[in-house]
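I have placed the structure first, in the form of structure tokens, so that the comments after it can refer back to it.
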Amino acid sequence: MRELCEVALPVPLRTTFTYAAPAAASNGTPASGTRVVVPFRNRAMVGLVLGRAPQQAPAGGIREISDVLDAQPALTPALVALGRWVAGYYLAPVGEVFRSMLPPVVEVRSVQELTRTAAGAALLAELRALEERTGDERAEAAILQAFSGEAAPLASARLRRLAGGEPAIARLLRRGALEAHSIVRSRRRRAPRVEFEPEAPEEWSLDAPRHALNPQQCGALDAVRADLASGEFHVNLLHGVTGSGKTEIYLGAIEAALAAGRAALVLVPEIALTLAMSRLLEARLGAAAGVTVLHSALPEESRSAAWWAVRRGAARVVVGTRSAVFAPLERLGLVVVDEEHEASYKQEETPKYNGRDAALVRAKLESAVAILGSATPALESYQNARRGKYRLLELPARVEERPMARVELVDLRTEFEQTHRARALSERLRAAIALRLAAGTQALILINRRGYSWFLLCRSCGAAVECRNCSISLTYHKGRARLVCHYCGYSRPVPAACPKCSGKYVQFVGEGAEQVEEQLRAEFPKARIARLDRDSVRTQEAYRKLLRAFAVGELDLLVGTQMLAKGHDFHRVTLVGVVSADLALRLPDFRAGERTFQLLTQVAGRAGRGELPGEVLIQTHYPEHYAIQCGARQDYGAFFEREVQFRRAMHYPPFSALANVIVRDANLERAGRWARQLAAILGPAEERGLKVLGPAAAPLARLRGDHRFQFLLKSPRRSLLTATLSQALEACAQKEIPDGAVLVDVDPIGLM
Ligand code: ADP
Ligand code: ZN
């Protein structure tokens, strides 16, 4: 009997599919982890074999795998297991999980073919019989005529090129005169394989001096080496203050893993940081390690080439962003997650996994050692270290006894009382900048808000101009002379009057990065100033150029959003100014305090990293808030104690397993009905200890044209949460609530 395979297909369903092994089974049944082409509905799709499927009594109705793409399985057994974990834990469609784990499919391309139906033949006869034909009819006849018979398909691309072809085909498909199928064509013979070529080296940040480790670094590295020698799964939380030399621990651990014949994976939170890390690793480890960068912004062909270089074993060290957690390394020995607290490890699209947590599961599956590094560990991670689940390694001081930066809070309330002017840059901050400019050192100015003004307010009716698709006010971008939605991208010209009440007095409120830059230029006309945010720096290339210019001293002041706060090691920065510490604090989110603390600590860590001491000025209206106080003192321990009390009292992580569930639809009434149905489905789980908050209007009650209702699920046990959600999604399907209407976010990072 023909063997049956369980195949995952990239469709938004939480099920897998059964296909028969190909008849021409010269290589036998494809192994788990092999990519195959299968017929699905009336198209061909690339899927992944997960394993054998149980033989069903009459194997009737089961279709056959039409092509096997890999001689060697694309995914290792550990990666197949990891994919199944991601799908189960995050309640994500299994096929979409595997699609995001696989390299872009460049070996095959999908082609649409058309066939003419019997109805099409009849229509052609009718059209031919007409004495006079309209333009539309002539185009339709030309297309129908191109077919030699019912069975012979034609490539749709060719027909679409005929005059009026595109709309005529659409009409004929609608009328059933044509049928469309997609097929998969091999590209292997035509396209030469692109060999993976690392980028040319850069002229800066390439020195990788091997430092003599200080005693704290030695202790931490020895502990990790012992773990590696054991060959067993271990997790280390490396809590080291900014500038404590955590990177040296990563490097030493990677060397030890390679020496033991095992591979290493390094995750960083931003694409922009992959480059510096990979340079450092190359300089330290040499070319033999084959340090390879993987992230989603690489062009498809080179990403695929890099991925396969890793799969073939040519690369033993991979540096990448969250998706690199799926890098197909074999005999993985070490996983490093740098800045493990970063929100960017969480993928906000389906599958909504956290790269850090997936990294730990992967390490476990591969009996590897994990290092989570941060100056401000996530509350969850630190709590795990406290409970003994992770080993805590601490680097409490900066290298070479360099002092921590001196942090001062600038109370904007007092500033206003004294000056009676609300300006983005206080006198204190401006004076400090002037001092740096005079001394020829550099300053970073953090303003955590893009655009020129936060919003446009009507003084007659009090309304801010809102997005057409989202319940959020539009941000004014002066460079583009438009109001822009930061959620959906909608933009419109600046109205002369209020769109709601036609009031003539509309005014811009709040300063964004664009405006702060403008103010700095006005104040310091001689200074060399640049801005770093997603509007000013749109490409990796531009980003690299800007950082390079700053690193080599071609710039004096760098203004920017939190892109500034991450990872960079600039040695001549002696001042960091934070325009407002309060923005993150005001968000309706249980992580607001944690985010604020992390941002302040990280940004303070950018000052005084070289020989020159650093000063940090933080402007705020709430200098007494504990997140700001602890951030200013860079006192993680004190912050943790305060924050953990709040989390425990409110049943937030790490004291519960949390999921955010959104029910959405373009139609308000329908969204509301589905939300009520889901509430009824979730209700019974409350007897087992699950807390269900909602349905309530989501903080973003409208987003991209959808109306949204929100549930927050807090569970004392992970298993209860997963089981409840899984059953609820089944039940929704039964009630014919469409799959896309219910969005589940397990372990959400933000609740907006
Ligand atoms: P962190 O990631 O902990 O903020 P880094 O790893 O970037 O810190 O190290 C900060 C700086 O200290 C880097 O320039 C690094 O080269 C240097 N460094 C690391 N270890 C030592 C050491 N033992 N002695 C002197 N300098 C060191
Ligand atoms: Zn919008």
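The values are calculated or read from the model by the stated rules, or taken from the named source; none is laboratory data. Please read these numbers as outputs of a predicted model, since none were measured by experiment. Reconstructed Cβ throughout: ideal geometry from the backbone, glycine too, with neighbour counts over all protein chains shown.
Residues in region 564-579 that are under 21 Å from the mean Cα position of the chain (by Cα) and under 24 Å from R428 (Cα atoms): L564, A565. Can you pull out every residue in region 383-405 that is part of a strand (DSSP E or B) and away from ligand 1 (no atom under 16 Å from the Cβ)? If the condition is that a residue be part of a strand (DSSP E or B) and away from ligand 1 (no atom under 16 Å from the Cβ), then R391 is the only one that fits.
If a residue must be in contact with a helix residue (DSSP H, G or I) (Cβ under 9 Å, 6 or more places away or on another chain) and either of a type in the set (F, W, Y) or surrounded by fewer than 19 Cβ atoms within 10 Å (Cβ to Cβ) (or both), how many such residues does region 289-308 contain? It would help to see each step written out before you state the result.
As a first pass, look at region 289-308 and keep what is in contact with a helix residue (DSSP H, G or I) (Cβ under 9 Å, 6 or more places away or on another chain): 289-298.
Now restrict to residues that are either of a type in the set (F, W, Y) or surrounded by fewer than 19 Cβ atoms within 10 Å (Cβ to Cβ) (or both): 289, 296-297.
Residues flagged as in contact with a helix residue (DSSP H, G or I) (Cβ under 9 Å, 6 or more places away or on another chain) and either of a type in the set (F, W, Y) or surrounded by fewer than 19 Cβ atoms within 10 Å (Cβ to Cβ) (or both) within region 289-308 amount to 3.
I need the full set of residues from region 259-288 which are over 15 Å from G320 (Cβ atoms), buried (at least 19 other Cβ atoms within 10 Å of the Cβ) and modelled with pLDDT of 95 or more, in order please. Hit for region 259-288 is R262, nothing else. Applying the condition of being among the small types (G, A, S) and touching a residue at least 24 places away in the same chain (Cβ under 8 Å) to region 732-746 and asking which residue is nearest to K714 (Cα to Cα) yields A741.
Can you find a residue that is surrounded by fewer than 20 Cβ atoms within 10 Å (Cβ to Cβ), aliphatic (A, V, I, L, M) and more than 16 Å from ligand 2 (Cβ to nearest atom) anywhere in region 593-608? Talk me through it step by step, then tell me what you get.
We begin by selecting, within region 593-608, every residue surrounded by fewer than 20 Cβ atoms within 10 Å (Cβ to Cβ); these are none.
So far as region 593-608 goes, no, none of its residues is surrounded by fewer than 20 Cβ atoms within 10 Å (Cβ to Cβ), aliphatic (A, V, I, L, M) and more than 16 Å from ligand 2 (Cβ to nearest atom).
Could you go through region 557-564 and let me know if any residue there is within 16 Å of ligand 1 (Cβ to nearest atom), modelled with pLDDT of 90 or more and either closer than 26 Å to V399 by Cα or not in a helix (DSSP H, G or I) (or both). No: zero hits. If you go through region 209-240, how many residues are surrounded by fewer than 19 Cβ atoms within 10 Å (Cβ to Cβ) and either among the polar types (S, T, N, Q) or near ligand 1 (Cβ under 8 Å from one of its atoms) (or both)? Final tally of qualifying residues: 7.
Candidates Y487, Y476: the one that is more than 16 Å from ligand 1 (Cβ to nearest atom), among the aromatic types (F, W, Y) and in contact (Cβ under 8 Å) with a residue 60 or more places away in the chain is Y487.
Counted as qualifying within region 685-752 are the strands (runs of 3 or more DSSP E) with 2 or more residues that are basic (K, R), namely 691-703, 706-715.
For Q598, the requirement of being at pLDDT 90 or above and within 16 Å of ligand 1 (Cβ to nearest atom) is met. Return yes when V576 is within 16 Å of ligand 1 (Cβ to nearest atom) and either part of a loop (DSSP other than H, G, I, E, B) or closer than 28 Å to E339 by Cα (or both) and no when it is not. Yes; evaluated as a whole, the condition is true for this residue.
Which one of these is charged (D, E, K, R) and not in a strand (DSSP E or B): E408, E417? Break it down stepwise before answering.
Values: E408 fails: not in a strand (DSSP E or B).
Being charged (D, E, K, R) and not in a strand (DSSP E or B) holds for just one of E408, E417, which is E417.
Test A315 against the stated conditions and say whether it is at pLDDT below 95, within 16 Å of ligand 1 (Cβ to nearest atom) and crowded, with 20+ Cβ neighbours inside 10 Å. Working first, answer last.
On the way: at pLDDT below 95: yes; within 16 Å of ligand 1 (Cβ to nearest atom): no; crowded, with 20+ Cβ neighbours inside 10 Å: yes.
No; evaluated as a whole, the condition is false for this residue.
Among the numbered conditions (1) under 25 Å from A592 (Cα atoms); (2) away from ligand 2 (no atom under 16 Å from the Cβ), the only one that G313 does not meet is (1).
The rows are residues; the columns are (1) modelled with pLDDT of 90 or more; (2) more than 16 Å from ligand 2 (Cβ to nearest atom); (3) surrounded by 15 or more Cβ atoms within 10 Å (Cβ to Cβ).
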{"site": "A422", "(1), (2), (3)": "no, yes, no"}
{"site": "L425", "(1), (2), (3)": "yes, yes, yes"}
{"site": "I433", "(1), (2), (3)": "yes, yes, yes"}
{"site": "L446", "(1), (2), (3)": "yes, yes, yes"}
{"site": "T475", "(1), (2), (3)": "yes, no, yes"}
{"site": "A481", "(1), (2), (3)": "yes, yes, no"}
{"site": "Y487", "(1), (2), (3)": "no, no, yes"}
{"site": "R492", "(1), (2), (3)": "yes, no, no"}
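Considering only region 133-145, I want to know if a residue exists there that is in a loop (DSSP other than H, G, I, E, B), over 48 Å from the mean Cα position of the chain (by Cα) and modelled with pLDDT of 85 or more. Yes, that holds for at least one residue. Residue under question is P525, and the condition is that it be more than 16 Å from ligand 1 (Cβ to nearest atom), surrounded by fewer than 19 Cβ atoms within 10 Å (Cβ to Cβ), modelled with pLDDT of 95 or more and assigned to a loop (DSSP other than H, G, I, E, B); does it hold? Yes: the conditions hold for P525. Scanning region 452-473 for residues that are of a type outside the set (A, V, I, L, M, F, W, C) and either more than 11 Å from ligand 2 (Cβ to nearest atom) or assigned to a strand (DSSP E or B) (or both) gives Y452, S453, R459, S460, G462, E466, S473. Scanning region 354-377 turns up one or more residues that are more than 16 Å from ligand 2 (Cβ to nearest atom), of a type in the set (S, T, Y), over 18 Å from the mean Cα position of the chain (by Cα) and farther than 25 Å from G261 by Cα. When restricted to residues that are outside any loop (DSSP other than H, G, I, E, B) and buried (at least 24 other Cβ atoms within 10 Å of the Cβ), region 339-353 contains 1.
Just to confirm my filter: which helices (runs of 4 or more DSSP H) fall fully inside region 227-323 and include at least 2 residues that are on the phi < 0 side of the Ramachandran plot and under 19 Å from the mean Cα position of the chain (by Cα)?
Details: elements: 246-259, 271-285, 300-311.
It comes to 271-285, 300-311.
For region 328-355, give me each residue that is more than 20 Å from P93 (Cα to Cα) and either out of contact with any Pro (no Cβ under 9 Å at 6 or more places or on another chain) or of a type in the set (A, V, I, L, M) (or both). Matches in region 328-355: L329, E330, R331, L332, G333, L334, V335, V336, V337, A343. Scan region 373-402 and report the pairs whose first residue is farther than 27 Å from F646 by Cβ and modelled with pLDDT under 95 and whose second residue is surrounded by fewer than 16 Cβ atoms within 10 Å (Cβ to Cβ) and hydrophobic (A, V, I, L, M, F, W, C), with Cβ atoms within less than 6 Å and a gap of 6+ or a chain change. Close Cβ pairs satisfying both conditions: none exist.
The condition (being under 16 Å from R331 (Cα atoms) and without any contact (Cβ under 8 Å) to a residue 40 or more places away in the chain) is satisfied by just one residue among E232, E255, E248: E255.
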